[in-house]
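Please treat every number below as a calculation from the coordinates, not as lab data. All values reported here derive from a predicted model rather than from experimental measurement. Backbone-built Cβ (ideal geometry, glycine too); neighbour counts: all protein chains shown.
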Amino acid sequence: MSQPYTTFQLGSLTVNRVGYGAMQLAGPGVFGPPADRAGALAVLHAAVESGVNHIDTSDFYGPHVTNQLIREALHPYRDGLVITTKIGARRGADGAWLPASSPAELEQAVHDNLRNLGLDVLDVVNLRVMIDPMQPAEGPIGEQLAALARLQQQGLVRHIGLSNVTAAQVAEGRRMCDIVCVQNHYNLAHRADDALIGELARDGIAYVPFFPLGGFSPLQSVTLSGVAARLDASPNQAALAWLLRRSPNILLIPGTKSVTHLRENLAAGALVLPPDAAAELDRMDAGQ
Ligand SMILES: NC(=O)c1ccc[n+]([C@@H]2O[C@H](COP(=O)([O-])OP(=O)(O)OC[C@H]3O[C@@H](n4cnc5c(N)ncnc54)[C@H](OP(=O)(O)O)[C@@H]3O)[C@@H](O)[C@H]2O)c1
């Protein structure tokens with residue numbers, strides 16, 4: 001049995017709920033070229049050949065590296081492939097993640113993404129808010145979003161999303177323009193956005209959890225391993241299946257530089273968690 005809601009609308013674009021996040025394809029610390037360039041290209045080929053039609057990237061991964069790999073592997077892009085990117089940050093010479101959110105920097109970032117991806121228009125651009133680079137923090141985003149909306153009006157951007165944002169910033173953004181997705185840190189062990197997910201689901205807006213498998217701190221839990229073993233699945237598959245079950249507006253973009261892991265993650269789309277298993281994972285948040 002497959003999951004209900006296998007696709008979702010990102011504005012005018014239809015994507016499968018299980019996609020792929022390209023960040024891991026850059027070098028160590030998401031900086032510089034990949035250690036295994038051929039392997040990185042193979043992951044991208046395998047993703048689209050397996051039916052992935054939603055790839056998440058940014059020009060500040062590398063910088064430029066993941067976008068250039070995507071272009072080399074997949075351009076000209078097959079019909080229906082949706083590439084979501086993000087702007088608002090840049091990398092320091094030492095790999096530091098720095099804000100780059102003046103109107104001029106945002107415009108430059110859109111043009112950098114267009115050039116490096118080989119596109120005339122970007123499908124979805126997330127404004128990555130950097131008030132606190134590590135977590136959502138309150139503060140105005142109106143000036144940045146207005147700059148992105150102008151680039152949309154110029155025809156360079158199809159749809160706008162937000163990333164690393166608070167619920168108040170989402171509300172502020174939605175008063176200014178159509179927001180098709182919110183990309184925030186969320187997974188089995190990090191659930192600060194529970195209320196926001198429900199709010200967005202009611203209005204048909206996608207919620208795209210980054211670090212769905214824990215990112216640089218892989219999810220590890222006896223409960224998760226136990227549930228996965230009972231289902232004859234891996235813990236990562238159970239964690240992804242839990243996210244899919246959590247809300248119909250959740251889209252997955254797990255990241256990997258391994259074709260084996262990619263296939264494992266995509267197979268999670270067909271893993272159905274029985275109610276008792278889901279309830280057990282739900283309770284993990286309470287420290288069980
Ligand atoms: N908006 C933002 O601020 C933001 C921040 C971070 C990430 N993102 C986006 O979100 C995407 C997902 O996040 P992420 O890639 O950082 O974290 P993630 O998907 O939670 O985890 C990736 C890590 O898990 C490992 N992994 C993946 N599949 C596995 C499997 N089946 N078995 C064992 N290990 C597995 C990967 O290693 P291997 O390579 O060895 O498989 C990698 O170390 C990124 O690719 C990026 O596009 C956005």
Could you grab the pairs with beta carbons closer than 7 Å, sequence gap of 6+ or different chains, first residue in the stretch 252-274 and in contact (Cβ under 8 Å) with a residue 24 or more places away in the chain, second one of a type in the set (D, E, K, R) and near the ligand (Cβ under 9 Å from one of its atoms)? ILE253/ASP56
Considering only residues that are touching a helix residue (DSSP H, G or I) at 6+ places or on another chain (Cβ under 8 Å) and either loosely packed, with under 12 Cβ neighbours inside 10 Å or in a strand (DSSP E or B) (or both), which ones fall in the stretch 122-137? LEU122, VAL125, LEU127
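May I ask you to say which residue of ALA267, ALA279, ALA239 is assigned to a helix (DSSP H, G or I), in contact with a helix residue (DSSP H, G or I) (Cβ under 7 Å, 6 or more places away or on another chain) and farther than 20 Å from HIS185 by Cα?
Details: ALA279 fails: in contact with a helix residue (DSSP H, G or I) (Cβ under 7 Å, 6 or more places away or on another chain); ALA239 fails: farther than 20 Å from HIS185 by Cα.
The unique qualifying residue is ALA267.
Looking at the stretch 150-171 only, could you name the residues that are buried (at least 18 other Cβ atoms within 10 Å of the Cβ) and either part of a helix (DSSP H, G or I) or within 15 Å of the ligand (Cβ to nearest atom) (or both)?
Our first condition is that a residue be buried (at least 18 other Cβ atoms within 10 Å of the Cβ); within the stretch 150-171, this holds for 151-152, 156-157, 159-166, 169-170.
Correct list: LEU151, GLN152, ILE160, GLY161, LEU162, SER163, ASN164, VAL165, THR166, GLN169, VAL170.
Report whether or not ARG71 is in a helix (DSSP H, G or I), of a type in the set (D, E, K, R), crowded, with 18+ Cβ neighbours inside 10 Å and in contact (Cβ under 8 Å) with a residue 12 or more places away in the chain. Walk me through it before giving the result.
On the way: in a helix (DSSP H, G or I): yes; of a type in the set (D, E, K, R): yes; crowded, with 18+ Cβ neighbours inside 10 Å: yes; in contact (Cβ under 8 Å) with a residue 12 or more places away in the chain: yes.
Yes.
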Any chance the stretch 176-198 includes a residue that's surrounded by 20 or more Cβ atoms within 10 Å (Cβ to Cβ), part of a helix (DSSP H, G or I) and of a type in the set (S, T, N, Q)? no
Looking only at the stretch 247-257, count every residue that is touching a helix residue (DSSP H, G or I) at 6+ places or on another chain (Cβ under 7 Å) and either buried (at least 21 other Cβ atoms within 10 Å of the Cβ) or closer than 18 Å to SER234 by Cα (or both) and tell me the total. 7
Against the condition closer than 21 Å to THR260 by Cβ, surrounded by fewer than 16 Cβ atoms within 10 Å (Cβ to Cβ), within 16 Å of the ligand (Cβ to nearest atom) and in contact (Cβ under 8 Å) with a residue 60 or more places away in the chain, how does ASP56 come out, does it pass? no
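One line per residue, one yes/no per condition, for (1) closer than 13 Å to ARG246 by Cα; (2) touching a Leu at 6+ places or on another chain (Cβ under 9 Å):
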{"site": "LEU196", "(1), (2)": "yes, no"}
{"site": "GLY204", "(1), (2)": "no, no"}
{"site": "PRO209", "(1), (2)": "yes, yes"}
{"site": "PRO218", "(1), (2)": "no, no"}
{"site": "LEU224", "(1), (2)": "no, yes"}
For the stretch 212-232, name all the residues that are within 15 Å of the ligand (Cβ to nearest atom) and buried (at least 21 other Cβ atoms within 10 Å of the Cβ). PRO212, LEU213, LEU224, ALA228
Cβ-Cβ under 7 Å, sequence separation 6+ or interchain: first residue in the stretch 229-243 and without any contact (Cβ under 8 Å) to a residue 40 or more places away in the chain, partner outside any loop (DSSP other than H, G, I, E, B) and not hydrophobic (A, V, I, L, M, F, W, C). Which pairs? SER234/GLU264; PRO235/SER225; ASN236/GLU264; ASN236/ASN265; GLN237/GLU264
